Amino acid sequence: MSGLLMRAEKENAFILHQRAYSETSIILDIFSENFGRLSIIAKGIKKQNSKKGSVLQQFQPLLLSWAGKSELKTLTAAEPDSDMFVMSPGSMYCGFYINELIVRLLHQHDPHPELFIYYKDTLKQLSQGITEKVLRLFEKYLLIEIGYGVILDHDINNNKINEDKEYYYVPESGPVKTEEVNLEKPKISGKSLLAFAHENLDDKDVLAEIKALMRVLIREQLGGKPLHSRKLMNNYISLSR
Amino acid sequence: MAESKAIVKLIEALSHLPGVGPKSARRMTYFLLERDREGARDISVAITEAIEKVGHCQQCNNLTEYDICEICSSKSRDSKKLCIVETPAELQSIEQASIFRGLYFVLMGHLSPLDGIGPEELGIDKLEVLLDNGEVDEVVLATNLTVEGEATAHYISELVRKKGILATRIAHGVPVGGELEYIDRNTLTEAFTGRRQM
Ligand SMILES: [Zn+2]
């Protein structure tokens with residue numbers, strides 16, 4: 001990537017994370033529609049009345065322009081694409097969670113335009129107060145996007161899932177009927193598998209089973225390192241109860 | 001001719017300063033050595049002294065030369081009001097604007113899960129001890145009006161409310177994304193007088 005001047009104009013993007021770089025500059029970790037995740041330095045934005053500074057917020061649909069020859073690009077322009085998603089405190093913590101998933105699971109410079117659209121829609125739904133359902137579906141799409149199949153409509157013997165049976169879910173392979181083998185794997189009902197396949201997550205018990213399943217699958221992908229945002233999200237939920 | 005080792009070392013040391021790149025660090029180094037050796041000695045003494053003497057207040061986390069800082073130990077401050085800020089520099093901005101006469105608690109940052117910074121890293125347990133002492137009747141959340149600042153304010157407000165204490169948030173006269181350190185005095189005054197219950 002180095003050496004060649006790369007330029008992007010008014011690219012649809014979101015800020016996933018930002019950290020101070022110097023007294024007036026910050027480094028943004030962004031998720032853009034056509035370039036995927038990348039790091040951009042925003043100079044001179046911490047001063048008072050910096051217009052760019054007030055635009056550069058997480059959960060705000062942005063149009064960003066940047067240029068640069070090195071791995072770290074320089075922000076040249078930033079404007080809001082539409083109104084900011086107004087996140088309630090609870091949905092804000094969910095937003096941190098999906099941002100952490102993206103930072104941990106997507107490589108820099110890998111474009112994921114479909115996931116980008118899905119991410120935007122997820123934030124919108126979070127801002128409307130839908131949380132659990134939206135998080136589970138985002139986890140599913142993210143895993144599929146990084147090439148990790150989530151098999152929900154047939155078992156590992158290629159038989160259709162039976163609504164009335166119990167299954168083990170074998171990561172990387174798929175569901176297997178509990179009556180066929182005995183495994184130390186997460187259990188899930190055929191009913192929940194099918195509901196997740198059809199994205200019909202209104203049943204509380206189904207949602208709880210899917211949550212447990214996705215937790216295991218995501219943990220596999222993260223290689224054991226815990227998600228700080230999940231801990232924070234759970235802390236906040238138990239505090240605000 | 002190569003630069004002397006001591007010069008290179010000083011350039012590197014000065015590059016630690018915020019906003020100072022290697023170029024300006026070199027310029028500073030030569031200025032000090034050629035034209036202001038006395039000033040250079042003063043800087044070196046002042047830095048050594050500050051590093052040795054300045055630590056964190058045991059009560060509020062602010063930078064101080066004492067175990068308990070001058071604000072926390074002052075009799076003329078209103079110990080019923082506690083203002084939460086992210087950094088010592090922000091505390092200083094509020095002090096300079098003379099708009100708050102209560103006590104402070106400095107988080108030394110904000111919640112930032114992607115950096116691994118959670119409630120423990122911000123010393124929230126220390127804050128709880130302070131609240132459990134029973135004197136505080138209002139906590140003013142003056143964290144920055146960024147997404148992380150808001151998340152931090154909400155987290156603390158839940159904790160404060162659980163203890164039956166009033167939690168207020170500075171008003172939104174401050175622009176979104178605003179860091180208090182860079183806000184002018186009038187706006188800051190308005191933000192404090194217009195604070196609202198969370
Ligand atoms: Zn103190």
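The table for this structure:
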| quantity | calculated |
| --- | --- |
| Accessible area buried between chains B and A, both sides summed, probe 1.4 Å, in Å² to nearest 100 | 2500 |
| Relative contact order [Cα under 8 Å, 6+ residues apart], the range B:4-76, whole percent | 14 |
| Most mobile of A:Ser189, A:Ser88, A:Ser127 in a GNM of chain A (Cα contacts under 10 Å) | A:Ser88 |
| For the range A:98-103, 3J(HN,Hα) per residue [Karplus equation, 6.51 cos²θ - 1.76 cosθ + 1.60, θ = phi - 60°, Hz, x = Gly/Pro] | 5, 5, 5, 4, 5, 4 |
| Cα centroid separation, the range B:91-168 to the range B:1-79 (Å) | 28 |
| Over chain B, relative contact order from alpha-carbon pairs under 8 Å, at least 6 apart, % | 15 |
| Positive-pole candidate from A:Tyr148, A:Phe138, A:Ile188, dipole of the range A:89-240, charges at beta carbon | A:Phe138 |
| Listed residue (A:Val103, A:Ala212, B:Val139) projecting farthest to the positive dipole end of the protein assembly as shown, Cβ model | B:Val139 |
| Sites A:Lys160 and A:Ser238, calculated FRET efficiency, Cβ-Cβ separation with R0 35 Å, nearest 0.05 | 0.30 |
| Probe 1.4 Å, accessible area per residue of chain A, Å² | 48 |
| Principal axes of the range B:95-181: Cα extent on each, largest first, Å | 34, 33, 20 |
| Sequence of A:Asp29, A:Asp153, A:Asp110 when ordered by accessible area, the most exposed leading, probe 1.4 angstrom | A:Asp153, A:Asp110, A:Asp29 |
| Kirkwood Rh, Cα atoms: Rg over Rh of the protein assembly as shown | 1.04 |
| Estimated distance in nm for a label pair at A:Ile117 and A:Thr74, the labels positioned 7 Å out from Cα along Cα-to-Cβ | 3.5 |
| Positions from the range B:122-153 whose accessible area shrinks by 40 Å² or more when the full protein complex is built, not the chain alone, probe 1.4 Å | B:Val147, B:Glu148, B:Ala151 |
| Estimated distance in nm for a label pair at B:Asp184 and A:Lys231, the labels positioned 7 Å out from Cα along Cα-to-Cβ | 4.3 |
| Square roots of five times the Cα gyration tensor eigenvalues for the range A:6-80, Å | 17, 14, 11 |
| Mean separation of Cα contacts under 8 Å (6+ apart) over length of the range A:73-215, as relative contact order % | 18 |
| Cβ-derived FRET efficiency at R0 35 Å, A:Asp203 paired with B:Leu166, nearest 0.05 | 0.30 |
| Once the Cα gyration tensor of chain B is diagonalised, semi-axes √(5λ) in Å | 38, 19, 17 |
| Sum of -39500 (n - 2.57) over DSSP H runs of 4+, divided by residues of the protein assembly as shown (222 nm, nearest 500) | -12500 deg cm²/dmol |
| Accessible heavy-atom area order of B:Asp137, A:Asp155, highest first, probe of 1.4 Å | B:Asp137, A:Asp155 |
| Dipole magnitude of the range A:89-240, debye to nearest 20 (Cβ charges: Lys/Arg +1, Asp/Glu -1, about Cα centre) | 580 |
| Within the range B:44-198: Cβ-based charge dipole about Cα centre, in debye rounded to nearest 20 (Lys, Arg +1; Asp, Glu -1) | 680 |
| Farthest toward positive dipole pole in the protein assembly as shown [+1 Lys/Arg, -1 Asp/Glu at C-beta], among B:Ile43, B:Ser157, A:Cys94 | B:Ile43 |
| At q = 0.11, 0.13, 0.15, 0.16 Å⁻¹, base-10 log of I(q)/I(0) for chain A (Debye sum, equal scatterers on each alpha carbon) | -0.65, -0.85, -1.05, -1.15 |
| Cα-centred dipole magnitude for the range A:6-80, charges only on beta-carbon of K, R (+1) and D, E (-1), debye, nearest 20 | 240 |
| Modelled FRET efficiency - R0 22 Å, B:Gln92 with B:Thr48, Cβ distances, 0.05 increments | 0.45 |
| Accessible carbon and sulfur surface of the protein assembly as shown relative to its total accessible area, %, 1.4 Å | 50 |
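The values are calculated or read from the model by the stated rules, or taken from the named source; none is laboratory data. Note that this is a predicted model, so its numbers are computed, not measured. Virtual Cβ from ideal backbone geometry, glycine too; neighbours counted across all protein chains shown. These accessible areas exclude ligands, DNA and RNA; they are computed on the full protein's heavy atoms, side chains included. Shrake-Rupley method; radii C 1.70, N 1.55, O 1.52, S 1.80 Å.
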